[in-house]
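First up is the structure itself, then whatever we jot down about it.
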Amino acid sequence: MITYKATTERRGAFWVVRVDGLPEGEQNATQGLTWAEAHENARDLVSLVLGIDDDPTAYTVELRPAEASGENTPTR
């Protein structure tokens with residue numbers, strides 16, 4: 001199974017997610033209002049860019065906050 005690392009950053013009301021390891025020149029960012037939505041959208045982004053089914057057994061997306069500050073602490 002492949003794991004894609006994704007870095008999240010809080011910007012206003014949104015979690016902005018950048019996914020590492022996607023092909024050069026492809027979109028690598030998405031967002032979500034909640035941590036769970038950002039994670040789901042990151043999975044969708046990977047499946048769309050790579051042209052594969054969103055199958056939990058095929059790949060995972062590991063979200064990590066850009067900073068460990070109070071503002072960037074994930075909440076569900």
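The values are calculated or read from the model by the stated rules, or taken from the named source; none is laboratory data. Nothing here was measured: the structure is a model prediction, and the numbers come from that model. Every residue, glycine as well, gets a Cβ built from its backbone with ideal geometry; the counts of neighbours run over all protein chains shown. Please note that ligands, DNA and RNA were not included when accessible areas were found on the heavy atoms of the full protein model with its side chains. Shrake-Rupley method; radii C 1.70, N 1.55, O 1.52, S 1.80 Å.
Percent of accessible area on the chain owned by carbon and sulfur, 1.4 Å probe? Answer for the chain is 48 percent, counting heavy atoms of protein chains only. Against the chain, whose longest principal axis is taken from its Cα atoms, helix 35-50 shows a tilt of about 30°.
Taking R0 as 30 Å, what FRET efficiency do you get between F14 and T57 from their Cβ-Cβ distance, rounded to the nearest 0.05?
Values: r = 29 Å, r/R0 = 0.97.
Plugging the Cβ-Cβ distance into 1/(1 + (r/R0)^6) gives 0.55.
Near T60, the amide H atoms lying under 5 Å from its own belong to I2, T3, Y4; only residues 5 or more places off or on other chains count, and H is placed 1.01 Å from N. For the options R64, R18, R43, a Gaussian network treatment of the chain with springs between C-alpha atoms closer than 10 Å singles out R64 as fluctuating the most. The residues of the range 5-67 present an accessible area of 57 Å² per residue when probed at 1.4 Å with all protein chains retained.
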